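The values are calculated or read from the model by the stated rules, or taken from the named source; none is laboratory data. Predicted model, so just to flag it, every value in this text is computed and none were measured. Here Cβ is always computed from backbone atoms with ideal geometry, including for glycine, and neighbour counts include all displayed protein chains.
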Amino acid sequence: MKNKYDIIWLDSVDSTNDEARRRIGTCDNLSVLSAVTQTAGRGQRGNSWSSVPGENLMFSIILKAPHMKVMACDQSVISQIASLAVTDFLAMHGLRAKIKWPNDIYVDDRKICGILIENSLRGDWINSSIIGIGLNINQRNFDVTIPNPTSMALEGAETPDLSVCLEEFMGIFSDYCSRYLNITGGYLKIRTMYLSQMWRRNEPHRYVSGGEEFIGIIRGISDQGLLVMENEKGELREFAFKEIAYVI
Ligand code: BTN
């Protein structure tokens, strides 16, 4: 049976996000580059991303205008869709995962998936988006330097072949794109679904901002995708990604 999605499997690459950027001119919208090994896998905040070769999924999806019509000011919707697609995929395999804002995926207090989105803009619009996803599937032993990692196998889920997992994931992801991305009112529906999946929402927890630790309650996200946090005085404040860290 021919695969439904245009998935290119690579043995070894520096980073699937970098390879996607190099190939973007010749790849169609919704193409996927997936690697067995990354030699320079990248994470958020300048971190690296590592995985035992062949045990986990490491892939990048290419979205391109004009198929994707998203304004630069709405770019957080892409991160929300990617996060929801991962939590839905994990739910299909019996795991209750939550989204640690903006787009880490957690099972309880353990990280099962990281997402690195790199957009290129043309004027007020996103011209292309590269959605890099590292989803831990089979790995059971992690380097001690990786904070609180987990995988589907460690959480007791059945783990089909990586290629089957990726096809399943792409089914969910592309469905979100066609149902919500270029549709009036779609972003609001996505935001509502995202809020319902947010990790630690409406619970008091410790956070650090500007070198100070405080207790706050995540209340939601703003139109621009900023984190909306309530402090102990009941005041609401918005945080950008680099302005706040969770105490886990
Ligand atoms: C993070 O949690 O810091 C984001 C991690 C993103 C990792 C994926 S693996 C596939 C793609 N290629 C990369 O170099 N990074 C992303």
*Yes or no: Ser48 surrounded by fewer than 18 Cβ atoms within 10 Å (Cβ to Cβ) and either in contact (Cβ under 8 Å) with a residue 40 or more places away in the chain or farther than 21 Å from Val164 by Cα (or both)?*
yes
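This table checks each residue for (1) among the aromatic types (Phe, Trp, Tyr); (2) outside any loop (DSSP other than H, G, I, E, B); (3) within 23 Å of Glu19 (Cβ to Cβ); (4) in contact with a helix residue (DSSP H, G or I) (Cβ under 6 Å, 6 or more places away or on another chain).
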{"residue": "Phe142", "(1), (2), (3), (4)": "yes, no, no, no"}
{"residue": "Met152", "(1), (2), (3), (4)": "no, no, no, no"}
{"residue": "Gly156", "(1), (2), (3), (4)": "no, no, no, no"}
{"residue": "Phe169", "(1), (2), (3), (4)": "yes, yes, yes, yes"}
{"residue": "Cys177", "(1), (2), (3), (4)": "no, yes, yes, no"}
{"residue": "Tyr180", "(1), (2), (3), (4)": "yes, yes, no, yes"}
{"residue": "Leu188", "(1), (2), (3), (4)": "no, yes, no, no"}
{"residue": "Thr192", "(1), (2), (3), (4)": "no, yes, no, no"}
{"residue": "Leu195", "(1), (2), (3), (4)": "no, yes, no, no"}
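Considering only residues that are of a type in the set (Gly, Ala, Ser) and farther than 22 Å from Pro149 by Cα, which ones fall in the stretch 1-60?
Correct list: Ser12, Ala20, Gly25, Ser31.
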*Looking only at the stretch 78-105, and only at residues there that are part of a strand (DSSP E or B) and away from the ligand (no atom under 11 Å from the Cβ), the one that is surrounded by the most Cβ atoms within 10 Å (Cβ to Cβ)*: Ile99
*Could you list all residues from the stretch 109-151 that are free of Cβ contacts under 8 Å to residues at least 40 places away in the same chain, more than 13 Å from the ligand (Cβ to nearest atom) and within 18 Å of the chain's Cα centre (by Cα)?*
Ser120
_Residues to consider are Trp9, Trp49; find the one that is under 16 Å from the mean Cα position of the chain (by Cα), modelled with pLDDT of 95 or more and not β-branched (Val, Ile, Thr)._
Trp49
*Scanning for something more than 13 Å from the chain's Cα centre (by Cα), more than 30 Å from Arg206 (Cβ to Cβ) and away from the ligand (no atom under 11 Å from the Cβ), does the stretch 13-21 turn up at least one residue?*
no
*Asn47 being in contact with a Lys or Arg (Cβ under 7 Å, 6 or more places away or on another chain) and not aliphatic (A, V, I, L, M)*: no
*When only residues in the stretch 197-217 that are assigned to a strand (DSSP E or B) and under 19 Å from the mean Cα position of the chain (by Cα) count, which is nearest to Gly132 (Cα to Cα)?*
Met198
